[in-house]
Amino acid sequence: MEKAMISPSILAADFARLGADVADVQSRGIEYLHIDVMDGAFVPNISFGPDVMKSLNGIASVPYDVHLMIEDPDRYIEKFVTDNTEFITVHYEACSDLSHTLEHIHSLGIKAGVSIKPGTAPEVLNPWLGDIDLILVMSVEPGFGGQKFMENSVPKISYYSSKKAENGYGYIIEVDGGIGPANAHIVRDAGVELIVAGSAVFKAADRTEAIKAIKG
Ligand code: DX5
Ligand code: ZN
């Protein structure tokens, strides 16, 4: 049984006490904080902007794993660059020139991730597999936390895991949406290396147990 890293999504945190909630969760053994940015255009929801993330700069003791669910992300990439930002992930479906966007993120010294929605075939990323640092496979339709895990994400994880093994690519494989202690083993066994979990961590009765069970 493979182990994975975990990146709890602050979208599921208590926004009325965001700093305290993040401080609590990160004290329980996590590797990243997942920052879900939604613009109400690419996805039918609005979450928060760069200033909310930056309000955590003095609190966050783990790097930011930024997930931009926004149209034309090049407009805002600089806004999410902080000393604590490790990944900025854009959606394949939101970019008119993915090569340019990846170069843009890398020019800022930040690792570049690309995410695909459940309806997008994994092969679309083939031209860029040698250039990206992270692939984010969505296991829910982006836009909301607390949704049901979609099994059709599993073959995509296996696909990227095989491609990585065959070609020695450097990207890490992340999965996002509907994952908790009961189903995390499915994606771990398929080869995922980093798991996003929002409600399964922030809403857990025992957050430490939830994190341990998800990581394996
Ligand atoms: C959905 C977001 C996910 C979501 C995960 O658009 O990208 O990161 O917040 O939340 P859970 O783990 O509750 O599905
Ligand atoms: Zn996300």
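Comparing Cα centroids, the stretch 43-119 and the stretch 5-23 end up 18 angstrom apart. Solvent exposure of the chain amounts to 41 Å² per residue of accessible area, where only protein heavy atoms count and the probe is 1.4 Å. Per residue, the average separation of C-alpha pairs within less than 8 Å and at least 6 apart gives the stretch 3-109 a relative contact order of 23 percent. The alpha-carbon of Lys54 sits under 16 angstrom from the alpha-carbons of these aspartates and glutamates, leaving out residues fewer than 8 places away in its chain: Asp21, Asp36, Asp65, Glu78, Asp83, Glu86. In the chain, the DSSP beta bridges split such that about 5 percent are antiparallel, to the nearest 5.
The apolar share of the surface of the chain, taken as the fraction of accessible area on carbon and sulfur atoms (1.4 Å probe, ligands and nucleic acids excluded), comes to 52 percent. With contacts taken as Cα pairs under 8 Å and at least 6 residues apart, the chain reaches a relative contact order of 23 percent. Taken over the Cα atoms of the chain, the convex hull encloses 108 Å³ per residue.
Shape summary of the stretch 121-181, radius of gyration then Dmax from alpha carbon positions: 12.2, 35 Å. A simple packing score, the average count of other Cβ atoms within 10 Å per residue, orders the peptides 121-133, 24-36 as 24-36, 121-133, with the highest score first.
What fraction of the Cα pairs in the stretch 7-57, stated in percent, has a spacing above 12 angstrom?
Numbers: 831 of 1275 pairs.
Taking all Cα-Cα pairs of the stretch 7-57, the fraction more than 12 Å apart is 65 percent.
Using only the Cα atoms of the stretch 54-174, construct the convex hull and provide its projected area averaged over every direction, in square nanometres to one decimal.
Details: hull surface 31.7 nm².
Projected over every direction and averaged, the Cα hull of the stretch 54-174 covers 7.9 nm².
Using the Kirkwood radius over C-alpha pairs as Rh, can you work out the diffusion coefficient of the stretch 47-106 via Stokes-Einstein at 4 °C, viscosity 1.567 mPa s, in µm² per second? Rounded, D is 107 µm²/s. An ellipsoid equivalent to the stretch 1-108, defined through the eigenvalues of its Cα gyration tensor, has semi-axes of 24, 16, 14 Å when rounded to whole angstrom and sorted largest first.
The values are calculated or read from the model by the stated rules, or taken from the named source; none is laboratory data. The structure displayed is predicted, hence computed values, not measured ones. FYI the Cβ positions are ideal-geometry reconstructions off the backbone, even for glycines, and counts take in every protein chain you see. In case anyone asks, the SASA skips ligands and DNA or RNA and just uses the protein heavy atoms, side chains included. Shrake-Rupley method; radii C 1.70, N 1.55, O 1.52, S 1.80 Å.
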